[in-house]
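Chemist: Take this structure first; my questions come after.
Nothing in this text is a laboratory measurement; each read-out follows from the coordinates by a stated rule. Nothing here was measured: the structure is a model prediction, and the numbers come from that model. Heads up, the Cβs are rebuilt from the backbone with ideal geometry, glycines too, and the neighbour counts pull from every protein chain shown.
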Amino acid sequence: MSTVGFPLVSLLIFLPLVGAAIIASVRGDARTIASNARWTALWTSLIVFFLSLVLWVRFDRSSHDFQFVERAAWFGDWAISYHVGVDGLSVLFVLLSTLLTPVCVVASWEAVETKVREYMIAFLVLETMMVGMFSALDLVIFYVFFEGVLIPMFLIIGVWGGPRRTYAAFKFFLFTLAGSVLMLLAVIWLYLDAGTTDVPFLLAHPLSKRAQTWLFFAFFASFSVKVPMWPLHTWLPDAHVEAPTAGSVILAGVLLKMGGYGFLRFSLPMLPEASVEFAPLMFALSAVAVVYTSLVALAQEDVKKLIAYSSVAHMGLVTLGLFTFTTQGIEGAIFQMLSHGVVSAALFLCVGVIYDRMHTREIAAYGGLAHQMPRYALLFMVFSMASASLPGTSGFVGEFLAIVGAWQVNRLLALVAASGMVLGAAYMLWLYRRVLFGALAKPELKALVDLSPREVAVFAPLVALTLWMGVNPGPVLQVFSVSVANLLARHHAMLGASRLVAGL
């Protein structure tokens, strides 16, 4: 049972499945089914979001322990149990997942007109998988939810995506599944070595340097694809371009964080020697991602592809910050993941607004929209500046801390990382100028209408979070600062224990 007297985390995980079952049971004509599916998905996701707010409010920020812990026998004879809970490293990712789900439901209200029931079921199942993955405290449970995400997202891209949706969906599925097979082998090896897959136990279980090396690369094969790290990022632009708007929102807002969370939860504390040994490799790959994909973003003519490549660059700063093994670097990486989850989701929603009106993502098809859609121009400016790491927005805080952490390790590395902020400003300002500024010359653009009240309601919480996290980052940092300090302490303790085992 959880600390509030009832299984709150389990409700967060499985309540969306209840909503999905209700939607599946609805009968009637197509219009009735679609309307009931939308409203059921919305109310279910809002209830789950409210429960996640309760989780966040009741969370003890002064403790690094797992909280709201629930455990039940599953494979009792094999020491594998249903074990869930949250700590400072995971609670905000649960909150991010439950926030973006109702945003996606509302954003899809009019955009999705075919197979509405199946679409809403897919998103609720996806929410279950995301929340379950971030709250799993058993490696088998983690793997089930980690891989379970693939199924609804594969369907969202493959059924409701663009003209090349089948290709993009299979590419996404095969890339992520291939890496995860190696992670499954690592989970099996850890079970055979430790006799359990319980995460708290494994965090204190010393491993030889050779074992850590193989396990590091097994986890790396899965987590690096999910981030995605260069050069395993090629599935992402295709997936984003072909996915429906809400699919891109969840993909960028939450699913890209799964790899970074995996490094944070498992690689750093469980495999300390291997993490230190291969940190230069992680720095090199991250630095290439920051510079190379930023330059590729500058060359894009498709709005979605530009934002997709920018995501790879921003996530490169995340992996760079994580492997500095400094307080500022790790806290900056976590903050950057949360900020990117909000800002990138909002940017893809901005793309969806004009795509729903013009049915094209080509940058050349636009120009001068600020004259016709001033509210849209204002919102796009806020999120563009946040993506460009403007001080006062959430994008600045995480990148600044990650660069400070990199500076303590290698000043050249910090300068390369900082170049990502300059390049980010270049491609976002270039995009904003071409889409929003200039003369409103194209006749078809003169018929566009500005944001509707429903669209404003979708953007409102994302704008508030972007500015609040940028102006007052303290409350966010306080949630995971104690857990980061404990992670570093565990890392150093496990590093010493591993070296002692090697010495014996």
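Chemist: Over segment 38-142, how many percent of alpha carbon pairs lie in each 10 Å bin up to the one with the longest distance?
Modeler: P(r) over segment 38-142, rounded to whole percents: 15, 39, 29, 15, 3, 0.
Chemist: Taking the Cβ-Cβ separation of W78 and F217 as r and a Förster radius of 35 Å, what is the calculated FRET efficiency to the nearest 0.05?
Modeler: That pair, W78 with F217, gives E of 0.85.
Chemist: Something else: Which distance in nm do the two modelled labels at N410 and R375 give, with both placed 7 Å along the Cα-to-Cβ direction?
Modeler: 4.9 nm
Chemist: Taking the dipole about the Cα centre of the chain, with the C-beta of Lys and Arg at +1 and of Asp and Glu at -1, give me whichever of F383, I363, V290 is farthest to the positive side.
Modeler: I363
Chemist: Taking the Cα centre of the chain as the origin, how large is its charge dipole in debye, to the nearest 20, when only Lys and Arg (+1) and Asp and Glu (-1) carry charge on their Cβ atoms?
Modeler: 680 debye
Chemist: Another one. Calculate for the chain the 222 nm mean residue ellipticity that helices alone would give, adding -39,500 (n - 2.57) per DSSP H run of length 4 or more and normalising by residue count, nearest 500 deg cm²/dmol.
Modeler: So the calculated ellipticity at 222 nm is -24000 deg cm²/dmol.
Chemist: Which of the residue pairs K171/K304; K115/K446; K171/K442; K209/K257 have a Cα-Cα distance greater than 29 Å in the structure shown?
Modeler: K115/K446; K171/K442
Chemist: Multiply the residue separation of L53 and E301 by 0.36 nm, subtract the distance between their alpha-carbon atoms, and state the gained length in nm to one decimal.
Modeler: 85.3 nm
Chemist: How high is the FRET efficiency from A194 to R454, r the C-beta distance, R0 45 Å, rounded to 0.05?
Modeler: Plugging the Cβ-Cβ distance into 1/(1 + (r/R0)^6) gives 0.30.
Chemist: Tally Lys and Arg at +1 and Asp and Glu at -1 over the other residues with C-beta under 12 Å from the C-beta of L155: what net charge comes out?
Modeler: +1
Chemist: I would also like to ask the following. Taking 7 Å along the Cα-to-C-beta vector as the label spot, tell me the T114-R164 distance in nanometres, rounded to one decimal.
Modeler: Between T114 and R164, the label points sit 2.0 nm apart.
Chemist: Here's a follow-up. I need the peptides 183-195, 415-427 ranked by packing, meaning the mean over residues of other C-beta atoms within 10 angstrom, with the highest value on top. Before the final figure, lay out each step's value.
Modeler: Details: 183-195: 16.6, 415-427: 19.3.
Highest to lowest by the protection proxy: 415-427, 183-195.
Chemist: Arrange the peptides 274-283, 374-383 so that the one whose residues have, on average, the most other Cβ atoms within 10 Å appears first.
Modeler: For the peptides 274-283, 374-383, the packing ranking is 374-383, 274-283.
Chemist: Order the peptides 107-113, 241-247 from the highest to the lowest mean number of other Cβ atoms within 10 Å of their residues.
Modeler: Taking the mean over residues of other Cβ atoms within 10 Å, the ranking is 241-247, 107-113.
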